[in-house]
Amino acid sequence: MTNIFTAPKSTSQQMADSLQQGRAWDSKNTEDSNLRKLINCLAVAHNQTQQRVEALDQEFRIDKTFDLIEEWEKSVGIPDACIDIYEDIVQRRADVIERLRKIPKVTLSDLQAYVDALFPEIQITLYPGVDWEHSSFEYSFEFYFISGIDLRFVLIVEIQLPISNNNFEYEWEIEFEGGVNTDIVECVLNQVIPSNVILLFTYKRY
């Protein structure tokens, strides 16, 4: 969106044009005249006001704000139990915009886009429990103990992790977080998913 409050470098001519026309005011456009010099002095404060209006116009736009980012964050309840304050100003603006949108996440693609935006550095894939290929553990016991639960109300959160140098004899389907703060991911998702949906986390090496 174009900033209609862009301040000019100088407002001397702007002030001069606003004065009366006539012989008594002819010197308003003569650079070395006393009247023009007076106009130049008075125009400084006027130009400073215009620059401040331009700055406020920018700060009132969330995607451009810098000085007022903390005020924007407070207005939408950031930080909270899920979202902390980041150093990246772009991410902070995005968090505020997401809170203000208040658009319900009603489809899987909505949820996927939501986590992709919040955790761009982590590969997270969401899919319904009914499509989960790993609903049973390949060894003698089941880790998730999900028997008896309607898989239609299960949301699988698959997090991709880099391959580690693991000399353990078996390849386990579970991963002990591997540096990924799953508590934050779970906290964020629990704010937007229906109350009858259960989150189950799984991990995939790449």
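List of remarks:
One line per residue, one yes/no per condition, for (1) at pLDDT below 90; (2) part of a helix (DSSP H, G or I); (3) small (Gly, Ala, Ser):
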| position | (1), (2), (3) |
| --- | --- |
| ALA43 | no, yes, yes |
| THR65 | no, no, no |
| PRO79 | yes, no, no |
| LYS105 | yes, no, no |
| ASP110 | yes, yes, no |
| LEU126 | no, no, no |
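- Residue in the stretch 16-33 that is under 21 Å from ILE159 (Cα atoms) and β-branched (Val, Ile, Thr) present: no
- If the condition is being small (Gly, Ala, Ser) and over 11 Å from the mean Cα position of the chain (by Cα), then the stretch 94-116 contributes SER109, ALA113.
- Restricting attention to the stretch 80-96 and to residues that are of a type in the set (Val, Ile, Thr) and free of Cβ contacts under 8 Å to residues at least 40 places away in the same chain, the residue that is surrounded by the fewest Cβ atoms within 10 Å (Cβ to Cβ) turns out to be VAL90.
- A single member of ILE174, ILE193, ILE163, ILE146 is at pLDDT below 70, touching a helix residue (DSSP H, G or I) at 6+ places or on another chain (Cβ under 8 Å) and in a loop (DSSP other than H, G, I, E, B), and it is ILE146.
- Enumeration of residues in the stretch 27-69 that are under 23 Å from the mean Cα position of the chain (by Cα), without any contact (Cβ under 8 Å) to a residue 24 or more places away in the chain and surrounded by 15 or more Cβ atoms within 10 Å (Cβ to Cβ): ALA55, GLU59, LEU68
The values are calculated or read from the model by the stated rules, or taken from the named source; none is laboratory data. In this text the structure is predicted, and so the values were computed from the model without any measurement. Quick reminder, even Gly has a Cβ in these numbers, built from the backbone with ideal geometry, and neighbours come from all protein chains shown.
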